Each structure stands twice: as C-alpha cells, then as structure tokens.
Amino acid sequence: MSRTGLTVAPHDPALAPSIATLIRDVDPNLATPKQVFDSMVDNWAKVLHSARQVKSIDKYDRTVRRFQSEVDSWPWQWTPTDFAQWSSTIDVCRSTLRVYQSRIRSFTEYISAVEFEWPAYCDARFNMVPTRICLPQIMTRRIVENDADPKRRPLTDDEVNRLFEASSDLVQEAISRRRNGAITAYRDSVILKVAYGWGLRANEIANLGTADWMKNPRAQEFGKYGAVRVRYGKGRGGYKPRTVMSTMAWPGKAVDVYLHEVRPRFPNRSSGALFLTERGTQISAPSVTSAFSKSREHAGLPNELTLHCLRHTYASKLAENGFDHSFIQDQLGHTFMSTTAIYTHLPSDMRVRAVRDYLDQALADRGPPVRRRRDSAERATRRRRLDASSRLFLSSDRGPRTDRWPSPVHTCAATRDVDANSRERTSSRRPCDTPARSRRFYRNSVDNLVQSVCRLQERKV
C-alpha cells in the first residue's frame, strides 16, 4: 500500500503504456530521478507550447531547473517550506519574483495533476507524490499599484536627443572603419527610432515585417507609414495583435530610408522580416535590447535605463500632447486603463499648465467679468437703510428691541407648551404662523443688523 492508498505497482500494465509515453528511451521502472525530472520538464514544455509563446518556454524551463538546483531535491520531495525559503533568499525585485513564482506554480500544478499520471508513477516508483507547494499564503502579493524599479523612468528630451546622436555617431564610426558593421549600426539606429516613434516592445520590434506598414486615410501626411500592424503583441495565453497609429512623421522617413537603401545590403533579402542579422535571419529580442545598450553607453546615460523606457517616454509624450487616455491605451495594447496609468509620467509643470489652460478656456467662454457700478442715488438709498437699521439696533442699551418680535428662546418654549388634552398650542407667536419660519425670520434679521453695525464701526474708524 502506497502513501496515497493506491495499489499501482511499477510493473502494472495499465500504468506502463501511459508512463512510457512520458519517459522515453528508458524503462520507466528503472528511470533515475534525474531522468524522471527531465521527462517532467520536457512534457510540461509541450503542454505550455499549446497555450503560450514558444520563446517564453525556455524561460519557464530555466526557472524550474534553477529552483531544483538551489533547493537540491526532486519535485516529488518539494514542500511549501522549500518554496518559502527559496522565495525569501532569491535577490530580485518583487515583480520579477512574482513571475518566477508563477512559473514554479505552473510546473507543480502540472506534475500534481492526476490526469498526467505523474502522481501515480511517483507514488509507485519513489513512494512519494508531488504536491502543490505554491500556497496562497506564500505567494508574493502586489502591495502597491506599481512596484517596478523607479529608476526605469521615461527619458527626458535631452536624453532622447543624446541617445539618437550617439546612435548616429556609431554609424559614422563604423563607416569610417570601412567594415561590415556599418549596416548593422544603421539598423540599430532605426530600431531605436521605431521603439520611440510607435512605443513598441523588444519582441514586437523583432517580429516586425516589411508588409506590416499601412496607410492612414485620415493622415495622408505620413504616407504609407501611417500605421503599423503589430502581429506578435504581448498577451495572456498567446499573442495579441493590434494596430498602432503613427503620431510622428520622422520615424516613418527613417524606416523608408532603411527599407530602400540599407536593408537590400543584408543577405537573404527575400525574408519578410523587417530587421535582419548579418546572416540574413530575423533579429531576436535580445539583439534589439543590445542595440539600445550600445547607444546608451556611448551617450553616457544611466545604466538603469532600458529599451522599455522608450515605451514609457512614448506614452508620456502622448499624454503631454493632449491625446485621450483610451487612445494611449489602444496604442500600447493594454487591456486595463490602470496599466496605462503606470506608463504615463507627467511632470509637475505639465499639471500646472493643464490647470491654467482649463481656466483660460473657461474664462474665455464666459467672457470677462462685468462689474456693475451703483449710481449715486442707489448708494444714498442703501446708506439711509443702513443708518435706519443701526438706529433700531442701538435704540436700547441692552441691545435690540425685543417688544416687537419674540426671542428664539421664548418662541421655542411657547412652541413646546402644548395642552395634553386638546393638543392645541398655547403660545402667542408673532408675526409668523409657524415656529420654524419665526426662528428663521428672527435669525436673519439679527444677522443683518449685526453686519450693518460692523460696517458703521469700520466706517467711523
């Protein structure tokens, strides 16, 4: 009897065929722990291949193998304690740690699922069963809206100019040396312009094709580079295509020069990829990132700036120029507006200018304020009324005359004095017909008198 209560033996004919399809080139009954682990990872990669990007499977594979080597145990021996200790010792930022944990969770959910036969095989072979070690209490949670590295910020206008000047200098240096690196240096400079002009990611730039450019019938100024079709956009469970509209003309001109003068110099020109390597193959995402790193080092910019910072710069410029937030969201390919808000970094003076522009527009719509001047007769009438009110208030040394209107205290007391038998009010209310109106009338009268006296005293002083 095994630990899970199953009576499956290693030589069970019902189990052997299914396990034989998972463990190849070796007898399942004689497989070593290393061979079993490799078969688990390989078959897990096949499952991921049907739902995820092909290039990301290698990252999942490296993360799982790294976890196994650092924990120094096999998957059927892993415990939640091992996962918690590993998560606390790994030296990465919180966002990267969440990505690593999600990969480990995906692998443990695969090997612990009964449908894939691994629990039954491990129970029969090693007398242990793989379990789900990534408990919700251990997983790293998002405690702030944006927990990315704050140093990865948008570039300033001066930094953008220095970056493009450095890329041009690298091209001139390669031309002066008369080597083959001139065309790749020019390609790298165009890559930076595409990343800044359309706010694309590294993988999206690497997968661009020559046929992905199209015209915008409402923006003929951009020519045939009015929009670009991003076929391999980032998305959950696969690629998410989108169309990015052009908002600047000069990046399209740089792409046009590259297509007609520089790209024909690469081998394998029949390939549909936009950016090629020296061997004529499609460029990779790490090569796109390396192009930015070369220009950044030549320009003397901080090392924490990455190619993705150009995407933040693009989004911030759109927001600063007054584009709608829904338009920016569609341009960046975000599903939620909260994600787009992380990319839009507006300076403080931009917000001040936005308030000032709104006030100027509101005042322009309403027109200048009209200040009405009272004539001499109206001013004299108003003065006589104030004098009469002040005499009424100062007619008695004890304050205002109370023989004409009841005080609030008397009014409230008379209002509460109600006959228990007839339920008739016995108070003598003058001159209003309800207590609420009487109190409001008297309060307003006293307030007006006090204000009049204060004005008279200020005038005498």
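The values are calculated or read from the model by the stated rules, or taken from the named source; none is laboratory data. Owing to the predicted nature of the structure, the values given are computational and were not obtained by experimental measurement. When we count neighbours, we look across all protein chains shown, and the Cβ atoms used for this are built from the backbone with ideal geometry, even at glycine.
Just a few scattered comments:
- Residue, surrounded by the fewest Cβ atoms within 10 Å (Cβ to Cβ), within region 79-113, restricted to residues that are out of contact with any Pro (no Cβ under 7 Å at 6 or more places or on another chain) and in a loop (DSSP other than H, G, I, E, B): 91
- Selection of region 63-78 for residues being touching a residue at least 12 places away in the same chain (Cβ under 8 Å) and part of a loop (DSSP other than H, G, I, E, B) yields 74, 78.
- Any hit, region 256-265, residues being touching a Pro at 6+ places or on another chain (Cβ under 8 Å) and of a type outside the set (Lys, Arg): no
- Test: residue 137 is exposed (fewer than 14 other Cβ atoms within 10 Å of the Cβ) and more than 25 Å from residue 56 (Cα to Cα): yes
- Selection status of residue 294, closer than 29 Å to residue 179 by Cα and touching an Asp or Glu at 6+ places or on another chain (Cβ under 7 Å): yes
- Selected residue (criterion: farthest from the chain's Cα centre (by Cα)) from residues of region 55-102 that are polar (S, T, N, Q) and within 30 Å of residue 235 (Cβ to Cβ): 68
- Helices (runs of 4 or more DSSP H) fully within region 148-263 counting 3 or more residues that are surrounded by fewer than 21 Cβ atoms within 10 Å (Cβ to Cβ) and acidic (Asp, Glu): 157-177
- You will find that of 292, 266, 222, 275, the residue that is touching a residue at least 24 places away in the same chain (Cβ under 8 Å), touching a strand residue (DSSP E or B) at 6+ places or on another chain (Cβ under 6 Å) and aromatic (Phe, Trp, Tyr) is 266 and no other.
- Region 275-304 - residue that is among the hydrophobic types (A, V, I, L, M, F, W, C) and either at positive phi or not in a helix (DSSP H, G or I) (or both) and, of those, surrounded by the fewest Cβ atoms within 10 Å (Cβ to Cβ): 301
- Counting only helices (runs of 4 or more DSSP H) wholly contained in region 305-394, the ones carrying 1 or more residues that are modelled with pLDDT of 75 or more and surrounded by 10 or more Cβ atoms within 10 Å (Cβ to Cβ) occupy 308-320, 325-332, 337-343, 348-366.
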